[in-house]
1. Go through (1) assigned to a helix (DSSP H, G or I); (2) in contact (Cβ under 8 Å) with a residue 24 or more places away in the chain; (3) out of contact with any strand residue (DSSP E or B) (no Cβ under 6 Å at 6 or more places or on another chain) one by one and return the number of the condition ASP90 breaks.
2. Would a scan of segment 97-108 turn up a residue that is under 27 Å from VAL28 (Cα atoms) and assigned to a loop (DSSP other than H, G, I, E, B)?
3. Out of ARG140, ARG162, report the one residue that is charged (D, E, K, R), in contact with a helix residue (DSSP H, G or I) (Cβ under 9 Å, 6 or more places away or on another chain), under 22 Å from GLY338 (Cα atoms) and at pLDDT 95 or above.
4. Please verify whether LEU92 is surrounded by fewer than 20 Cβ atoms within 10 Å (Cβ to Cβ), closer than 20 Å to VAL301 by Cβ and within 16 Å of the chain's Cα centre (by Cα), treating the condition exactly as stated.
5. Just to confirm my filter: which helices (runs of 4 or more DSSP H) fall fully inside segment 123-225 and include at least 2 residues that are without any contact (Cβ under 8 Å) to a residue 12 or more places away in the chain and not hydroxyl-bearing (Ser, Thr, Tyr)?
6. Within segment 148-179, count every residue that is at negative phi and open to solvent by 20 Å² or more (accessible area, probe 1.4 Å).
7. Of the residues in segment 271-315, how many are over 23 Å from ASP24 (Cβ atoms) and surrounded by fewer than 22 Cβ atoms within 10 Å (Cβ to Cβ)?
8. Kindly indicate which of TYR100, TYR107 is touching a Phe, Trp or Tyr at 6+ places or on another chain (Cβ under 7 Å), open to solvent by 30 Å² or more (accessible area, probe 1.4 Å) and farther than 25 Å from ARG50 by Cα.
Amino acid sequence: MTYLADPTRYESARYRRTGRSGLDLPAVSLGLWHNFGDDKPIETQRAILRRAFDRGVTHFDLANNYGPPYGSAEQNFGSIFAQDFRPYRDELVLSTKAGYDMWPGPYGQGGGSRKYLLSSLDQSLARMGVDYVDIFYSHRFDPTTPLEETMGALDTAVRSGRALYAGISSYSGERTREAVAILKDLGTPLLIHQPSYSMLNRWIEEDLLDVLGEEGVGCIAFSPLAQGMLTSKYLDGVPEGSRASQDKSLSPDLLTDQTLAHVRALNEMASARGQSLAQMALAWALRDERVTSVLIGASSVAQLDDSLGALDNLPFSDDELATIDKHAVEGGINLWAGSSTS
């Protein structure tokens, strides 16, 4: 059936300015890391994307190797985009990334080389069937490539019209400041940083948020639910079909008795606030005005709606934040520490 977007989609949606740029992003954005590969029904993917846009979620975030298999999330999105969203292209912010292994041979193994980044971007545009993306990210810091080369590739992507803005992901505070300076000299500002951030992974509070605030760079947090740990899913064990049961970006070893005790305490707090644990976790990640948006995944329309419900109750009292701090402790979930500490 022909898709017609809900005419009321912007009436209650919430947006935030991205750093000192002119771009607004929805407070909750949709990431296609999981659930949009060839292992998931295309009609389920279409239903989630339609529902998200109908609720004012204008930002869809991808990467070259999202799947499985690699590239399939972009390919599937491209098919749905062509059928449903092409008339709404100017209402959408689309992003993609390159940084991890993608194709065979020395030029497709990831990193930050000019050859890899720009070749990957061209492949992504072809898979999605679009002329440009709004944001193109360096997916990780590459210590084996000069940062000037990596940032130069982002500058070329923008100047060539293949991307409107430049972004980086999982860079340390120090490397972020260096990236900002290089891009500033080139005349292409750094728009946004995409770090992992959640109650169980608070590394960006050490110095990265300060750098982003000082430099006027936006922040979009991925994995704000700690790969599902900050949901009700694991309160009573590891359910069949979950990420942990498949060892899919969440090792069962992380679900220790101590961590689960903290998660259960946070769940009780969420209940007292009239929220699900996931909703409170998203609201908590948005409590800092320097965080522009949080990226959620969704395996169903119901899960998407539950996450968007976080926007109905964002404020926290000082007492609530103090209590949360007792349980929002490091959970060993930062799988990207290698990049963000280099």
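The values are calculated or read from the model by the stated rules, or taken from the named source; none is laboratory data. Predicted, not measured: the structure shown is a model, and the values here were computed from it. Backbone-built Cβ (ideal geometry, glycine too); neighbour counts: all protein chains shown. Protein only, heavy atoms only, side chains kept; ligands, DNA and RNA dropped before computing areas. Shrake-Rupley method; radii C 1.70, N 1.55, O 1.52, S 1.80 Å.
1. Result: ASP90 fails condition (2) only.
2. Looking only at segment 97-108, we keep the residues that are under 27 Å from VAL28 (Cα atoms), and these are 97-100.
Of the ones still in play, those that are also assigned to a loop (DSSP other than H, G, I, E, B) are 99-100.
Looking for residues that are under 27 Å from VAL28 (Cα atoms) and assigned to a loop (DSSP other than H, G, I, E, B), one finds at least one in segment 97-108, hence yes.
3. On the way: ARG162 fails: under 22 Å from GLY338 (Cα atoms).
One residue alone meets the criteria, ARG140.
4. Values: surrounded by fewer than 20 Cβ atoms within 10 Å (Cβ to Cβ): yes; closer than 20 Å to VAL301 by Cβ: yes; within 16 Å of the chain's Cα centre (by Cα): yes.
The answer is yes for LEU92.
5. Values: elements: 147-159, 173-186, 208-215.
Passing ranges, in order: 173-186.
6. Counting residues in segment 148-179 that are at negative phi and open to solvent by 20 Å² or more (accessible area, probe 1.4 Å) gives 13.
7. Number of matching residues: 12.
8. Working: TYR100 fails: touching a Phe, Trp or Tyr at 6+ places or on another chain (Cβ under 7 Å).
Answer to the check: TYR107.
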